[in-house]
Each structure stands twice: as structure tokens, then as C-alpha cells.
Amino acid sequence: MEKTENKMEKIVSLCKRRGFVFQGSDIYGGMAGLYDFGPYGVELLNNLKSEWWKAHTQYRDDYYGLDSAMFKDPKVWVASGHVGGFSDPLSECKKCNTRIRVDKELKNIGISADEKMPESELQELFEANKNKISCPKCGSHDFSPSRSFNLLVKSNLGDFTGEGKDPVYLPGEACQGIYLNFKNVVDSTRAKVPFGIAQIGKAFRNEISPRNFLFRTRELEQADTQYFVKPNENKEEYEKIKQDRMNWYISLGIKPENLKFVQHENLVFYAKDAWDIEYNFPTGFDELEGIHDRSDYDLTQHMKHSGTDLNYTDPYTGEKYIPWILETSVGMGRMFLAFISDAYSEDSLGGETRVVLKLSPKLAPIKVAVFPLLKNKPELVERAYAIYKELSKIMKVEFDDNGNIGKRYRRQDEIGTPFCVTVDFETLEKNEGVTIRDRDTGEQVRVQEKDLISYLTQKMA
Ligand code: ATP
């Protein structure tokens with residue numbers, strides 16, 4: 001336990017020190033559950049989004065992309081069930097008023113519980129077991145009864161009364177925009193069931209206890225797909241989607257032993273099936289992505305509440321039906337944490353210990369760093385800078401002439417740069433090309449400048 005806590009601390013510290021992730025509103029003392037992505041963090045985040053986006057909208061011809069407005073008609077959140085039931089069970093420590101999320105605390109002591117259980121059932125479990133749960137702040141076991149707390153965040157957009165009446169909600173989940181645009185996509189494209197819609201969008205949740213760095217935040221971004229199938233033709237497609245999502249993580253370098261499928265024990269009444277992909281975070285295995293077989297619930301609800309006919313008409317048979325939906329949903333911050341945890345390693349290279357992020361080259365914030373061997377030799381600096389400029393036209397490259405070469409390698413190792421190119425005297429005087437050093441092995445090869453781009457692009461494919 002101590003070891004894993006230590007790993008999380010090391011990751012948080014590396015993320016801050018090297019400009020991946022900062023606490024939100026840091027200079028004002030920080031705000032719980034909010035984080036800002038720094039210069040290298042935003043590159044990694046964008047690379048993750050880009051790989052996800054390509055997997056769904058570029059490599060597949062049965063998916064369509066979408067970017068819907070965050071604010072939506074307030075009735076949307078009534079139809080989706082969020083106004084009535086988007087809540088987590090909350091209890092307060094009677095000694096220090098620290099709030100805890102009851103289902104998660106019960107789970108931590110090995111009791112099967114989740115937020116979808118009836119309030120009374122959770123309360124009973126909590127009463128019977130709260131002597132085994134300690135307040136994370138003061139250690140007390142004296143808690144108030146468990147009660148439901150709605151997580152939706154309200155705003156006053158379009159309300160000029162100044163009284164906060166008629167709240168418009170910030171999105172509790174990003175996927176609602178997909179349901180709202182199902183008909184628009186069908187009417188404006190050649191989409192035919194089965195097909196999917198993919199979207200990456202922001203969501204906001206008044207999480208009771210944001211914790212574990214990017215794992216549980218109050219502002220998040222979700223990458224969602226909704227795949228529309230004919231009623232009762234869900235099973236085979238659901239299995240395919242599950243496997244595709246698992247393979248996607250592995251193809252981008254996550255170690256298979258750190259991933260597993262876990263089936264939900266308690267299903268909401270309309271769901272046919274629900275699985276999570278769990279990742280072995282520094283705090284242990286926990287939900288990374290949800291994959292849900294949701295029947296026709298979402299479109300039926302929006303049809304009822306909006307009065308708009310959301311039936312799909314099969315263009316070949318004329319059959320009319322409400323498609324069933326297979327959903328995948330993952331938080332980008334949680335995904336970022338999984339990839340950075342998996343890549344984080346400490347090893348020894350050339351007799352020196354180092355921290356290295358073994359990120360897939362596709363995800364690395366910087367693909368190549370270019371160095372002149374010495375800073376005080378203008379001919380080396382000039383040549384290296386020209387190579388840097390040339391490579392920058394096709395990939396994200398960094399130029400560094402600061403400090404000894406060993407230090408420069410260490411800096412790049414820590415941010416996961418897969419290759420370092422060095423211009424030395426052999427480059428200039430003997431026309432022997434540049435050296436390319438591999439992040440993971442430390443091995444160096446010499447490559448002629450004219451072959452540099454093809455060498456690097458091949459290595460990164
Ligand atoms: P949890 O049980 O952890 O609260 P959930 O089951 O409510 O999650 P969903 O509503 O299904 O999660 O959201 C889909 C995905 O969005 C999750 O698998 C997770 O990756 C991400 N996610 C949800 N809530 C948060 C959060 N507060 N911070 C970061 N990511 C989140």
C-alpha cells in the first residue's frame with residue numbers, strides 16, 4: 001500500500017515539476033477537483049484524444065463525429081433522469097464535517113455497494129458497517145446517515161431575473177448531445193443502422209469527494225461513443241465493442257496485466273448489460289471506462305419529453321423502430337492518469353538511475369529532441385537548429401542546448417521523448433550523419449541527415 005501511494009505522489013510531483021498537470025487556481029491556493037493541463041500535458045492529452053478520434057471516425061466508416069453545445073434545454077436533464085436521480089450517497093463525519101461517498105467507502109472495505117442501489121438499502125449497509133469505516137481526515141467512525149446528493153451543477157445562462165430561477169444545467173455527462181442529434185445525423189448523412197456517433201465533450205459533477213488526482217474531478221472531459229443497433233441485435237455488437245476498446249488501450253502500450261473487464265452486479269432497470277474496463281491505478285484496480293448495453297431507453301425518453309419522433313425507418317424494409325444503444329464512455333483525465341501511470345518507470349541506465357516515461361511514440365508530447373553536442377560551438381548549434389526546424393514541420397520537436405548531454409537525455413526521458421538526435425563533430429567534419437538515441441534502451445545509432453525523417457517516421461508508426 002505504501003509503495004502504491006508513493007507511486008501516486010511521484011506521478012503528481014512529476015506532472016507538476018515537468019509541466020504536465022497543475023492544480024486548478026493554483027496561485028489562489030488551489031480548488032479541489034480541478035486541474036489545468038500544462039505545456040507537455042496538453043500535448044499528451046491532445047495525442048490521446050487524436051488517437052481515440054481516429055480509431056472511431058477515421059479508421060471506421062460506420063461512425064460519425066459530433067461536437068454538441070454544452071448547454072442544453074433544461075428538460076434534457078429531466079428526460080435523462082439526471083434531475084431526479086443523478087446522485088451519490090453522501091455522509092458527513094460528525095466530528096470534522098468531512099464528506100465521504102458512502103458506496104465507495106463500503107467498497108473499500110470489501111462490501112458490494114454502488115450508487116445505483118436504493119437509498120434505504122445503502123443506508124442499511126452503511127449503518128451495519130460504519131464502525132469499520134474511518135473518516136479520511138480525523139479517523140472517527142461517527143457519521144451522519146447516508147443521503148442522496150444530486151451532482152448536477154447549475155448555471156444562470158439566459159436567466160436575467162437575478163434570482164437563480166429556472167437553472168440551466170452544465171452537462172452532467174457529455175453523451176446527451178449525441179442522443180439529441182441522432183435524428184439530425186440520420187437526416188443529414190448516409191448513416192444507416194447499425195452506426196455510431198463519437199464525441200469528446202466536457203462534463204461537470206459536484207463530486208462529493210474529488211480525489212486521487214485526475215481520477216475523480218469536478219470538471220471532466222468524456223470521450224463517448226453511442227452505437228445504434230436494431231432492437232435485439234445488441235449482443236454480438238456489444239462483445240465486439242468491448243474487445244475493440246480493450247485492444248485500443250493495449251495497442252497504445254498499456255500493459256495487458258494492468259487491465260481487466262468487470263461486470264456490473266447491479267443494473268439499472270432498462271440496461272441489458274454493463275461492464276467496466278478497470279485499470280490498475282497506483283491506488284489499485286478501478287473503473288477506467290464504462291461499456292453499457294442500454295436498450296432503447298435514451299431515445300425513448302427524449303422522444304417522450306421532446307415530443308419529437310425519434311423512430312428510425314429502415315430504408316430497405318420500411319420497418320420503423322427506436323434503435324437500441326451500446327455506449328462507451330471514458331474520462332480523458334482518468335485515461336491520462338492510466339497512461340502516465342503505466343508509462344512511469346524508474347530504472348538504471350549506464351550506471352545512473354533515472355525516471356522515464358515509456359509512452360508510445362504516438363502519445364509522447366515531444367517526439368524528438370535535437371541537441372548540438374556543445375553549446376559554445378556555433379557551427380554545431382546552427383546545424384542542430386536547422387535540423388530541428390526541418391523536423392518541426394512534421395512532428396513536435398524540442399531543441400535543447402542547455403547543460404551536459406547526459407542531463408539533456410534525463411530531461412527528455414522524464415517527459416517520455418522517444419528519440420534524441422545529436423549533432424556532433426562527426427556530423428560536421430566526417431559527414432557521418434547524426435546520432436539517434438533510443439529512450440528505452442539508451443542505444444545510439446548513426447543515421448545520415450537525408451534519412452532522418454524516414455528513419456524516425458518508420459520507428460514511430
Ligand atoms: P464512478 O462510479 O467512478 O463515479 P460512473 O460510473 O459514475 O463513475 P459514468 O457516469 O459511467 O461513471 O462516466 C463514464 C466515465 O467517465 C467513467 O468511466 C470515468 O472514466 C469518467 N468519469 C466519471 N466521473 C468522473 C470524474 N468525477 N472524474 C474523472 N472521470 C470521471
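Here are the numbers for the structure shown:
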item	result
Whole-number percent relative contact order across the stretch 356-434, with pairs defined as alpha carbons under 8 Å at least 6 apart	44
Computed magnitude of the charge dipole of the chain (debye, nearest 20; Cβ of K, R +1, Cβ of D, E -1)	880
Whole-angstrom gap from the stretch 213-246 to the stretch 247-297, using each part's C-alpha centre	9
Cα-based reach from Lys137 at 28 Å (exclusive), listing lysines while leaving out same-chain residues under 8 positions away	Lys3, Lys7, Lys10, Lys16, Lys94, Lys95, Lys104, Lys107, Lys116
Antiparallel content of DSSP bridges confined to the chain, in %, to 5	85
Accessible carbon and sulfur surface of the chain relative to its total accessible area, %, 1.4 Å	49
For the stretch 290-421: lysine pairs under 26 Å (alpha-carbon distance), excluding those fewer than 8 apart on one chain	26
√(5λ) per eigenvalue of the Cα gyration tensor, the stretch 338-460, largest first, Å	23, 16, 12
Paramagnetic label zone (point 7 Å from Cα along Cα-to-C-beta, Asn184; backbone N under 12 Å) in the stretch 49-88	66-73
Where the stretch 92-134 is the region considered: accessible area per residue in Å², 1.4 Å probe	56
Taking N as its residue count, the alpha carbon Rg of the chain over 2.2 N^0.38 Å	1.13
Probe 1.4 Å - accessible area at Ser360, Å² to nearest ten	20
Cα lying deepest toward the dipole's positive end in the stretch 319-461, options Ser360, Leu428, Ser345, charges on Cβ	Ser360
Tensor-based shape of the stretch 130-267 (alpha-carbon gyration tensor, a/c under 1.5 rounded, otherwise prolate or oblate)	oblate
For the chain: relative contact order, % (alpha-carbon pairs under 8 angstrom, 6 or more apart)	13
Gap separating the Cα centres of the stretch 402-427 and the stretch 331-399, nearest whole Å	8
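The values are calculated or read from the model by the stated rules, or taken from the named source; none is laboratory data. Note that the coordinates shown come from a computational prediction; the quantities given were computed from them, not determined experimentally. All Cβ positions, even for glycine, are placed from backbone atoms using ideal geometry, and neighbour counts span all protein chains on display. Only protein heavy atoms, including side chains, enter the accessible area calculation; ligands, DNA and RNA are left aside. Shrake-Rupley method; radii C 1.70, N 1.55, O 1.52, S 1.80 Å.
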